[in-house]
1. Tell me which residues, restricted to segment 137-173, are outside any loop (DSSP other than H, G, I, E, B), hydroxyl-bearing (S, T, Y) and under 24 Å from Q111 (Cβ atoms).
2. Got a sec? Which of T123, T100, T77, T163 is in contact with a Leu (Cβ under 6 Å, 6 or more places away or on another chain), surrounded by fewer than 16 Cβ atoms within 10 Å (Cβ to Cβ), over 25 Å from Q54 (Cα atoms) and hydroxyl-bearing (S, T, Y)?
3. So, in segment 103-120, exactly how many residues are buried (at least 16 other Cβ atoms within 10 Å of the Cβ), in contact (Cβ under 8 Å) with a residue 40 or more places away in the chain and within 19 Å of the chain's Cα centre (by Cα)?
4. Could you figure out which of (1) at pLDDT below 95; (2) of a type outside the set (F, W, Y); (3) not in a loop (DSSP other than H, G, I, E, B) isn't true of A103?
5. State yes or no: is R76 in the same structural domain as E157 (by TED's automatic domain parsing), among the basic types (K, R) and under 24 Å from T170 (Cβ atoms)?
Amino acid sequence: MMPDITEERQVKVFMIIDLYEFLKLKLARRFASIAVVLSIVIIPSCDRDLSDDQIPFASFGAITINLNLPEYQKLRTQGNIYLNSGGIRGIILYQVNSSTYVAYERNCSYQPNEACATVDVHTSNLYLQDPCCGSTFDFATGNPTSGVAWRPLRKYETFISGTQLTITDTVID
């Protein structure tokens with residue numbers, strides 16, 4: 001007697017279904033393993049890089065400027081100017097109010113040894129930026145507000161006597 005063909009087909013269909021379920025389970029486990037490995041590798045790389053170098057120290061003599069001179073008018077009207085002397089890459093001088101000034105190193109605090117790590121005043125005059133790494137900094141505090149930088153900008157000591165503003169290489173904060 002010959003076996004029934006439909007019974008034979010049913011057995012083959014069940015075997016195919018069992019094989020399908022087996023492979024599906026095996027693939028699911030494999031993908032789960034791959035997902036775990038990727039999450040271990042990728043997720044930590046989204047953290048900030050807290051291992052970059054600090055800004056090197058640069059000694060410079062005291063810089064004294066007469067605030068009444070015409071070349072410093074922008075400091076009185078727009079609140080900031082660039083000074084090419086002092087620091088590693090120069091200094092950005094910011095007027096907080098009529099008697100308080102802050103001097104920031106122009107060398108960015110993120111990967112400061114990179115050739116392009118130089119901070120500029122944004123065209124809006126509202127904040128500082130490093131176009132190289134994309135970080136931005138608050139004028140009043142020098143703290144990073146966006147981007148990869150995590151350290152504040154270096155601040156130099158300033159003091160005022162009458163119309164004379166002096167900037168020293170003493171690092172504050």
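1. Here is the first cut: in segment 137-173, the residues outside any loop (DSSP other than H, G, I, E, B) are 137-138, 144-146, 155-161, 164-172.
When the remaining residues are screened for being hydroxyl-bearing (S, T, Y), the result is 145-146, 156, 158, 161, 166, 168, 170.
Passing the criteria: T145, S146, Y156.
2. Details: T123 fails: in contact with a Leu (Cβ under 6 Å, 6 or more places away or on another chain); T100 fails: in contact with a Leu (Cβ under 6 Å, 6 or more places away or on another chain); T77 fails: in contact with a Leu (Cβ under 6 Å, 6 or more places away or on another chain).
From the options T123, T100, T77, T163, the qualifying one is T163.
3. Taking segment 103-120 as the starting set, the residues that turn out to be buried (at least 16 other Cβ atoms within 10 Å of the Cβ) are 103-112, 117-119.
If we keep only those that are in contact (Cβ under 8 Å) with a residue 40 or more places away in the chain too, we end up with 103-105, 107-112.
Next, only the ones that are within 19 Å of the chain's Cα centre (by Cα) stay: 104-105, 107-112.
Matching residues across segment 103-120 total 8.
4. Every condition holds for A103 apart from (1).
5. Details: in the same structural domain as E157 (by TED's automatic domain parsing): yes; among the basic types (K, R): yes; under 24 Å from T170 (Cβ atoms): no.
It is false that R76 is in the same structural domain as E157 (by TED's automatic domain parsing), among the basic types (K, R) and under 24 Å from T170 (Cβ atoms).
The values are calculated or read from the model by the stated rules, or taken from the named source; none is laboratory data. Predicted model, so just to flag it, every value in this text is computed and none were measured. Using ideal geometry, Cβ is built from the backbone for each residue, glycine included, and neighbour counts are taken over all protein chains shown.
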